[in-house]
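J.: Here it is: the structure, laid out below.
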């Protein structure tokens, strides 16, 4: 009894410390968003993710693994001066978050810089001085560790939002960012603009033994993914899922099951709402909307397992004939969940 109490006390203490640390970080970030002086002080000791045309800077480690290049502000200032740029350009950075240790993180775009710092930063010169390379974010997802992907995505999404919201939609007048970049204001109309995400439903459809994947013409060769689409104004998630599947492949779904959500930086910051759904096994004939999809077909458990076990390791090389989105994408999560369920069902069937 006493041992159980000690164990319970220890668990509660660990949870309490973890929660307290999280709350402290969130309160700290809130302060940085609202207090310009605190933001400027944090930037001096923080780390900056550098982008060029929205492509993050990556560095190759001694073990051959690529990671996000997180530059100390003081180091970045020296680099800027070496490539002929005012070191104060680093003040154009936007607040992203902070690490578990409370170290603030920022993002900075090196292309089409602000008018007060005219001229683009030379890509090759930056790569040389930073000892890294700028990689398209879609490719970077295959190269960097999974835990770094959300930060890279958030950094790009915030930079893109600021680039596309420089003017007020009501007056056409320029908007001005606050110090941290958490919002923009039109002083002419008084309207405050906050970064937004567009809701998108994504669904993995199954007939019981197979799952349905599709590809658009813009996808990399061989890649298939779950069906997805933007929610229409006034739609619920359920209504959007039913409509999208009917429009794109001509099927009626049932038994919707929510899986999870994810921020996705494409095309311009989407909020992915992921679900599983089933169709009647007797009504699986696919009728593709060619205006939306290039192809859609049913895949067996064996095909899916092969794709999950052998993902493309380097997007610059020839991809497999059939592959699925990278592990960071919530589409991959849906496919993995379906495969796990199929594996469990097969084990239970063998035990009978």
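J.: Specify the residue that is surrounded by the most Cβ atoms within 10 Å (Cβ to Cβ); the eligible residues are those in region 36-55 that are closer than 23 Å to residue 111 by Cβ and touching a strand residue (DSSP E or B) at 6+ places or on another chain (Cβ under 6 Å).
T.: The extreme case among them is 50.
J.: Moving on. When you scan region 185-197, do you find a residue that is within 22 Å of residue 30 (Cα to Cα), in contact (Cβ under 8 Å) with a residue 40 or more places away in the chain and surrounded by 15 or more Cβ atoms within 10 Å (Cβ to Cβ), even just one?
T.: yes
J.: Filter region 285-302 down to residues that are out of contact with any strand residue (DSSP E or B) (no Cβ under 6 Å at 6 or more places or on another chain), touching a residue at least 12 places away in the same chain (Cβ under 8 Å) and surrounded by fewer than 16 Cβ atoms within 10 Å (Cβ to Cβ) and give me whichever is nearest to residue 255 (Cα to Cα).
T.: Checked region 285-302; the qualifying residue nearest to residue 255 (Cα to Cα) is 285.
J.: Quick check on region 333-349: of everything there that is in contact (Cβ under 8 Å) with a residue 12 or more places away in the chain and within 13 Å of residue 308 (Cα to Cα), which residue is surrounded by the most Cβ atoms within 10 Å (Cβ to Cβ)?
T.: That would be 334.
J.: Of everything in region 259-284, what is more than 26 Å from residue 136 (Cβ to Cβ) and in contact with a strand residue (DSSP E or B) (Cβ under 9 Å, 6 or more places away or on another chain)? Give them in sequence order.
T.: If the condition is that a residue be more than 26 Å from residue 136 (Cβ to Cβ) and in contact with a strand residue (DSSP E or B) (Cβ under 9 Å, 6 or more places away or on another chain), then 259, 275, 276, 277, 278, 279, 280, 284 are the ones that fit.
J.: Taking only pairs six or more apart or across chains, which ones have beta-carbon atoms under 7 Å, a first residue in region 232-253 that is surrounded by 14 or more Cβ atoms within 10 Å (Cβ to Cβ), and a second residue that is in a helix (DSSP H, G or I)?
T.: So the pair list comes out as 251/245; 253/241; 253/242; 253/245.
J.: To continue, here is another question. For residues in region 59-86 being touching a helix residue (DSSP H, G or I) at 6+ places or on another chain (Cβ under 6 Å) and over 23 Å from residue 102 (Cβ atoms), which is modelled with the lowest pLDDT?
T.: 83
Yes/no matrix, rows are residues, columns are (1) farther than 30 Å from residue 332 by Cα; (2) touching a residue at least 40 places away in the same chain (Cβ under 8 Å):
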site	(1), (2)
54	no, yes
58	no, yes
109	no, yes
122	yes, no
126	yes, yes
140	no, yes
148	no, yes
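J.: May I pose another question? Pick out the one residue from 280, 255 that is outside the structural domain of residue 157 (by TED's automatic domain parsing), at positive phi and more than 25 Å from the chain's Cα centre (by Cα).
T.: After applying the criteria, what remains is 255.
J.: Just checking, does region 203-210 include any residue being modelled with pLDDT of 95 or more, on the phi > 0 side of the Ramachandran plot and crowded, with 21+ Cβ neighbours inside 10 Å?
T.: Scanning region 203-210 turns up no residue that is modelled with pLDDT of 95 or more, on the phi > 0 side of the Ramachandran plot and crowded, with 21+ Cβ neighbours inside 10 Å.
J.: In region 149-181, what count of residues is obtained for those that are surrounded by fewer than 17 Cβ atoms within 10 Å (Cβ to Cβ) and either part of a strand (DSSP E or B) or touching a strand residue (DSSP E or B) at 6+ places or on another chain (Cβ under 9 Å) (or both)?
T.: Adding up the residues that qualify gives 9.
The values are calculated or read from the model by the stated rules, or taken from the named source; none is laboratory data. What you are looking at is a predicted structure, and each value in this text was computed from that prediction instead of being measured. Every residue, glycine as well, gets a Cβ built from its backbone with ideal geometry; the counts of neighbours run over all protein chains shown.
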